[in-house]
Structures are given as structure tokens and as C-alpha cells.
């Protein structure tokens, strides 16, 4: 026996435990079973320069639609639209040019000039020369008319033919009062889409939203990139239209309000009070630009497998295929590749369709696989489908929306936007538990994520839709990694840098696709319809559709 070797059994036990601890710290997490060997190919292809950022109705958009048709056919999906995979979506394409500065005047001695992109962005759905001349500025707080919350920012003021200035988000976010609207969780009244809709209903000529990063949930760079270049709308949607709508940078807004004798912060403070009263800023806005409009067809791409028992009842997997296309910035062409947003989701839709099509026995209900267009332009493709459904909305049992999937590795948790609003969460909880994962509600409800993706157009029609993805507790990683991921995501959102890069770990997507697959398969094989919780505003909409169902 060598000198110095211990023979005490307690010592051996201690050493064994110590070494086991070291080994366990170094062991890599169990690999996630691959959902599809083609997933990476789809994402890499769709986010490549060849597809030019997948703008609707662009050359890159045309290639995307053709690619989706080909892959749906290879997967074995049936075409859903009269023998075609394409549902035409009649779009109007707006291309602005020759933007003047935004001129704000009070009198001959008080004039501000704000430049396009750097300090303001503006667009229009009208054709020709767009001109706003000496339009009176009226500050309308959050620009909300919400009888159910006893709130009317337009009460007592006439904005006909004027330019309204409004704040982003809603008073609940500003006050963090859970009894005011829904507290920090944004309502639809906080979305920019609502602000412009309401301003148009009130007869305003134009509307400008004051940008602030926290209530908007994104920086000025996102506004600048999303609101410049080619824009889209649905042809002949019949809604009231503003002559111009857009955003002003917070620094520009401060100058405007200071000229009117108050600060932006003071205005924001007043706007969150119930006794707020809209008022003229005693200043006038002028701007002009050219707006060329084309009417064109873009397409939702839709395939399905037919159910064995209830073929007219459907479960939908959806994702948007479009992104921001390309643009010229500082005389250099840039491509917004949209790798995460949303080549990941579309890769998921294609591979999900393939897996369902290869089942030995089809589920009881039909399963629909839908790649919608023009999400980045205001959820237009899903809006058009919801208003012109290929499969009856009243027999649409539920949906699963895949928008910007987790590319940073598998997680112990799942983040669900709109958690605990409908019975679909019971399926989520059951299958997440099988993956040994926990469900966490959206950590930033104030960002309005529930209203910012395609599922919301189905929700408005009463259809419960799951919108979830991997959380932030990464398996085998520490908190520092989570912080790196958070910063990486924020820095790439709606930027040319949304490309495949070294941090990507496809196991995160595979993990989530298995979760979504098992949830959808369960729903497709059930007999009951999924309902909203009774205290949710879409519960009654869903109830009304019951009368149209027949078996």
C-alpha cells in the first residue's frame, strides 16, 4: 500500500460525492430530439439574401410564396383554396418619396423643422401629392375613447381637420394602477393601430404619436425601419382614412411642447389623469411628400390535411412569411433578412405540416397550415383571412401562432402571451409538464405582445389561439447567458442584423415544435370546442358562433 493513501470509507464517500458534483457541472444537457431534419434548411433558405427580406409583393415575396407552395406540396398537404395553396390578399402598396421636413410654427419667430427618419416618420394611404398645411396641433393625451373604462380623451374638443398629437400605450401603463385599464398590461387601446383608427373616426386630418421607448417597448430605430420604405394596406377596407399618420421622436416632441409653454413630461403626467382635457398646442403643422400607390395581389399560403371524423372543424398552425424587405440607407442597400422574425416560424409551419401529413392515421379534425402575408405592415394577411375565411371561423376550434421562435437553446420554462385567458392553456400546461417545463406568463405585458401578432385577428373573431415560445431559463446556462440573449434579441429586432449567427442553438426550436405538435394533435383529436374564460371579452363572441355550428 502506498504511503499517504487514505483507507477511511467516509473519505471515499466524500471524494465520490465531490467528483460527482464536478462531473455533473460539466455534463451537457440531454440533447433535444430533432423535430425535423429539414428545419434548418428552411430557415437558412428563407432568410438568405436571395429572398431579399421577403417584403410582400416584392420579387423576394414572390420567391417566398413559390417556395412555400413547393414545400407544402412536398409535405403532402392538400391545397386549401379551390385547388390552390394561394389565397389572394388584395393589397395597396404605398411608396413615399420627396419627404419635406415637418414644419411646426406658432408665429413668424417660433418655427421648428424636423427631418424625416431622424426626427419623424410619416406615411399615408392616399395617392398623389400629400400635403398638410398649417394644420392645428391638438394634444389628445392617449387618444382613447373607451366607455367600458369610463375614459374619453376626445371629450369636449373638435379635432375635425386638425392634427392630433397622442401618446403611445395607455393610462394603466403610465400609472401602474391595476384598477385603471389593465394596469401595466397594455390593452388594444394602447396600440398605435388603435390611435390612428380613433383619430380618423374623430375626423382628424393627421395624427402623430410621441415615441418613448418604454411604453412603446422598442426604440426609435424600430420605428424608423418599420415606417420608412414601402408600406402596405388592404385594398378597399372601407375604414376612415387620415391624410397622414406617423411618429415624432421624443426630442422633437419636447421642442414642440416647450414652445407651447409646457414640457412633455408635464403633458404625460396630465394625460394619465381621469380629469385630463384635450387642448390645442397653439401651433400648426405642415409637411408634404409624394405617395405612389399600386394595387396588387399578395398571398396567404394555405394547406391542410383532412380530418377523419369532423373534417369541417379545423385546428390552425400559423406564422407570417413576410419581413421588411430591403432599403437604401446612407446610399447603401441593406436587407432585412428576418431570420428569427419570422423564418423560424415559417420553418416551423412547413415541418409541422410534414409531420402531420405523415401520421399513420389522420386526426379527427382537419389541421390547417397557414403562412400569412403582411404581418409587419399591420397584421394584414391574417386580418384578410379572418374576414374572408377559407374554413368557417365558427368551426375553427383553436390555433397555434408561431412568430419568432426561440433560437438560443432549450429552456426549463415556456413564456405564454395571453396566459390563462382560455381553455387552450390546459393543453399547454399538460404537455409542458411532460417536457418538465413550467409556464410563465408574458413578463412584459406592457409591450402589447398580445395585440402585435397574427393570432389577434383570430382572437377578435372569438377563436382561442396559443402564442407561446421558449422562456428565459436556458438549460445548462447561467443568468449571464440569459442577459446576453436578452440584449442580443433587442439589438436585432427589425434590424438588418436579424440573421443566423453564432449564438443560435436549434434545440430551442425543436423543443418548442414538439410542444406545439403535441398540443395541436390533442386538440385535433378531441370532441369539444375550446372556449374563453367567462370573464374574457371574447367569450361572448365565441358564444355567438356556437349557433352556427352543426355536426
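The values are calculated or read from the model by the stated rules, or taken from the named source; none is laboratory data. Just so it is clear, the structure is predicted and the values come from calculations on it, not from any experiment. For neighbour counting, all protein chains shown are included, and Cβ atoms are generated from backbone atoms with ideal geometry for every residue, glycine included.
In summary, helices (runs of 4 or more DSSP H) completely within the stretch 197-259 and bearing 1 or more residues that are in contact with a strand residue (DSSP E or B) (Cβ under 6 Å, 6 or more places away or on another chain) and surrounded by 22 or more Cβ atoms within 10 Å (Cβ to Cβ) occur at 220-227, 250-259.
In the stretch 296-303, the count of residues that are at pLDDT below 95, in contact with a helix residue (DSSP H, G or I) (Cβ under 9 Å, 6 or more places away or on another chain) and more than 19 Å from residue 516 (Cβ to Cβ) is one or more.
Counting only residues that are under 22 Å from residue 346 (Cα atoms) and part of a helix (DSSP H, G or I), the stretch 433-454 holds 3 of them. On the stretch given as the stretch 174-196, residues that are assigned to a helix (DSSP H, G or I) and more than 19 Å from the chain's Cα centre (by Cα) total 2. A single entry from 445, 464, 441 fulfils the requirement of being under 17 Å from the mean Cα position of the chain (by Cα) and without any contact (Cβ under 8 Å) to a residue 40 or more places away in the chain: 441. Pairs linking a residue in the stretch 360-383 that is under 13 Å from residue 455 (Cα atoms) to a residue that is surrounded by fewer than 24 Cβ atoms within 10 Å (Cβ to Cβ), with Cβ atoms under 6 Å and 6 or more positions apart or on different chains, are 379/457; 380/234; 382/457; 383/457. Residues that are over 21 Å from residue 348 (Cβ atoms) and in a helix (DSSP H, G or I) within the stretch 37-60 comprise 49, 59, listed in sequence order. Of the strands (runs of 3 or more DSSP E) lying entirely inside the stretch 315-393, those containing at least 1 residues that are at pLDDT 95 or above and closer than 28 Å to residue 191 by Cα are 332-335, 365-372. Residues of the stretch 425-456 that are under 20 Å from residue 380 (Cα atoms) and either modelled with pLDDT of 95 or more or in contact with a helix residue (DSSP H, G or I) (Cβ under 7 Å, 6 or more places away or on another chain) (or both): 448, 450, 451, 454, 455, 456.
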